[in-house]
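Presented below is the structure to which this report refers.
The values are calculated or read from the model by the stated rules, or taken from the named source; none is laboratory data. Keep in mind that what you see is a predicted model, and the values were worked out from it rather than measured. Cβ coordinates were reconstructed from backbone atoms using ideal geometry, including for glycine residues, and neighbour counts include every protein chain displayed. These area figures cover heavy atoms from the full protein model, side chains too; ligands, DNA and RNA do not enter into them. Shrake-Rupley method; radii C 1.70, N 1.55, O 1.52, S 1.80 Å.
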Amino acid sequence: MATAVPAERDAVAGAFAGPHQEVRLPGVTLHRRSPAAGPVLDLLAAGVGPALAAASVAAALTAGALAGAPYDLVVSTGIGGGFAPDAPVGSLVVADEITAADLGAETPDGFLPVTDLGFGTVTHRPPAALVREFAAATGARTGTVLTVSTVTGTAGRAAALRARHPGALAEAMEGFGVAEAAAAHGLPVLELRAVSNAVGPRDRAAWRIGEALAALTEGFGKLAPVLESWNPHEP
């Protein structure tokens, strides 16, 4: 399963070229590639933000499990902001960690993640072998992709995020929600992001959404061969 919001859905639609069908579920619609075209793939426009993404993906995963056709892997993909200079506009990032950057509490001494409060989790780790294979096939940069509920719009917040997460390459709004849904079903997850803008002061004029979507299209097109050769039992 791949998840994306509408514009990003179009960027990954190449993997669904040829016969496909719409599968309507409560609250979501899957675009299912015909088995004759290769491995069965479902495309879902999961919505914006971690909560809606988690709910949409959970609905699809539960429906598959109840129908006796459980999924093997969940892929969250789309565009996002990149931390300069490590993830420039137009580059592709594959997450080796998917981390909720703002799930926790503000204190007089700074931000505390929910794990420091004694409950929950803030990080999911995709299969390392799959991350390596996809990065090798596409030239994608590998690092932490942060999930935020509020897009960063200032230099101060960008610096604070990078200080707390030195390995962060990108931020987006859905990955952690998708990973939570996948984890509830015991499934591995992968997150791919094409960089459309720099994380920092909000400047819509500097965004390069078309360039990012082109990178996403090219990168996602190389995913299917990687999955066909990937051994899911390899850590």
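Looking at segment 128-150, which of the residues that are in a loop (DSSP other than H, G, I, E, B) and either touching a Ser or Thr at 6+ places or on another chain (Cβ under 7 Å) or open to solvent by less than 60 Å² (accessible area, probe 1.4 Å) (or both) is farthest from Ala101 (Cα to Cα)?
Let us first name the residues in segment 128-150 that are in a loop (DSSP other than H, G, I, E, B), namely 139-140, 148-150.
Adding the requirement that they be either touching a Ser or Thr at 6+ places or on another chain (Cβ under 7 Å) or open to solvent by less than 60 Å² (accessible area, probe 1.4 Å) (or both) leaves 139-140, 148.
Values: Gly139: 26, Ala140: 22, Val148: 6 Å.
Applying the filter and picking the extreme gives Gly139.
Only one residue in Val89, Val75 is within 29 Å of Arg204 (Cβ to Cβ) and buried (at least 21 other Cβ atoms within 10 Å of the Cβ), so which one is that? If you could, list the steps in order and put the result at the bottom.
On the way: Val89 fails: buried (at least 21 other Cβ atoms within 10 Å of the Cβ).
Sole residue among the options that is within 29 Å of Arg204 (Cβ to Cβ) and buried (at least 21 other Cβ atoms within 10 Å of the Cβ): Val75.
State the number of residues belonging to segment 179-220 that are open to solvent by less than 50 Å² (accessible area, probe 1.4 Å) and part of a loop (DSSP other than H, G, I, E, B).
Residues in segment 179-220 being open to solvent by less than 50 Å² (accessible area, probe 1.4 Å) and part of a loop (DSSP other than H, G, I, E, B): 4 in total.
Out of all the residues in segment 61-70, which are surrounded by 15 or more Cβ atoms within 10 Å (Cβ to Cβ) and either of a type in the set (S, T, N, Q) or over 15 Å from Gly186 (Cβ atoms) (or both)? Full working, then the answer.
Restricting attention to segment 61-70, the residues satisfying the condition of being surrounded by 15 or more Cβ atoms within 10 Å (Cβ to Cβ) are 61-64.
Scanning segment 61-70 gives Thr62, Ala63.
Looking only at segment 105-156, how many residues end up being out of contact with any strand residue (DSSP E or B) (no Cβ under 9 Å at 6 or more places or on another chain), within 19 Å of Asp86 (Cβ to Cβ) and in contact (Cβ under 8 Å) with a residue 60 or more places away in the chain?
Residues meeting the conditions: 0.
Could you list, ordered by first residue, the pairs with Cβ atoms under 9 Å in which the first is in segment 21-49 and over 19 Å from Leu73 (Cα atoms) and the second is modelled with pLDDT under 80 and of a type in the set (Gly, Ala, Ser), at least 6 apart or interchain?
That search, which allows pairs on different chains as well, returns Gln21/Ser34; Ala36/Gly18.
Consider only pairs whose beta carbons are under 6 Å apart and that are at least six residues apart or on different chains; among these, list those whose first residue lies in segment 66-81 and is closer than 21 Å to Pro26 by Cα and whose second residue is open to solvent by less than 40 Å² (accessible area, probe 1.4 Å) and at pLDDT below 90.
Cβ pairs passing all conditions: Pro70/Gly64; Tyr71/Met1; Tyr71/Gly64; Val74/Met1; Val75/Ala2; Ser76/Thr3.
Give all pairs with beta carbons closer than 9 Å in which a residue from segment 169-190 that is without any contact (Cβ under 8 Å) to a residue 40 or more places away in the chain meets a residue that is crowded, with 24+ Cβ neighbours inside 10 Å and not in a strand (DSSP E or B); count only pairs at least 6 apart in sequence or on separate chains.
Cβ pairs passing all conditions: none.
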